[in-house]
């Protein structure tokens, strides 16, 4: 493996608990994989119970913070996967995508699921970015 292919966890300078078996994002070369993320604040509590639009916004804020810590942004995201528990108001997530993707939209997959691990989470999103 060359230096540019080394696995580099991305935590945006925040401490990350050793007991977790995943990282918020992982860079290998010019690619970044962003872990499935819910709309929680720094305290781990859902920021907007019952509001899929605001939970989605919080997820993309967290993605943006991680990406900006390595000199990138949400515009470097090329693919997203949404896991949502209800289609009610799911179309409102498009409002948020328009806020964060200024240079073109990534590919996207949406999957309705029976539930998510985080209590009160209506949506969880993972993403892939390619750095320029």
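Remark: pairs (first residue in region 78-92, on the phi > 0 side of the Ramachandran plot and surrounded by 15 or more Cβ atoms within 10 Å (Cβ to Cβ); second residue modelled with pLDDT under 95 and in a helix (DSSP H, G or I); Cβ separation under 7 Å; 6+ apart in sequence or on different chains) are absent. Among the numbered conditions (1) in contact with a helix residue (DSSP H, G or I) (Cβ under 9 Å, 6 or more places away or on another chain); (2) without any contact (Cβ under 8 Å) to a residue 40 or more places away in the chain; (3) surrounded by fewer than 15 Cβ atoms within 10 Å (Cβ to Cβ); (4) within 17 Å of residue 125 (Cα to Cα), the only one that residue 75 does not meet is (3). Within region 18-43, the residues that satisfy the criterion of being under 17 Å from residue 117 (Cα atoms) and surrounded by 14 or more Cβ atoms within 10 Å (Cβ to Cβ) are 23, 24, 35, 36, 37, 38, 39, 40.
On the stretch given as region 1-17, residues that are more than 15 Å from residue 130 (Cα to Cα) and within 14 Å of the chain's Cα centre (by Cα) total 2. The set of residues in region 4-17 that are farther than 23 Å from residue 116 by Cα, in contact (Cβ under 8 Å) with a residue 40 or more places away in the chain and part of a loop (DSSP other than H, G, I, E, B) comprises 12, 13. A Cβ distance below 6 Å, combined with a sequence gap of six or more or placement on separate chains, defines the contacts here; from region 99-112, residues that are within 15 Å of residue 56 (Cα to Cα) reach residues that are not in a strand (DSSP E or B) in the pairs 100/60; 100/74.
Considering only region 27-42, I want to know if a residue exists there that is in a helix (DSSP H, G or I), under 20 Å from residue 132 (Cβ atoms) and over 14 Å from the mean Cα position of the chain (by Cα). No, region 27-42 has no match at all.
So that you can scan it fast, the table gives a plain yes or no per residue for (1) out of contact with any strand residue (DSSP E or B) (no Cβ under 6 Å at 6 or more places or on another chain); (2) farther than 25 Å from residue 130 by Cβ; (3) without any contact (Cβ under 8 Å) to a residue 24 or more places away in the chain:
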position	(1), (2), (3)
19	yes, yes, yes
49	yes, yes, no
60	yes, no, no
68	yes, no, no
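Only one entry in 95, 123 is under 12 Å from the mean Cα position of the chain (by Cα) and within 14 Å of residue 51 (Cα to Cα), namely 123.
The values are calculated or read from the model by the stated rules, or taken from the named source; none is laboratory data. Keep in mind it's a predicted model, so treat the numbers as computed, not measured. Glycine gets a Cβ as well: all are built from the backbone with ideal geometry, and neighbour counts include every protein chain shown.
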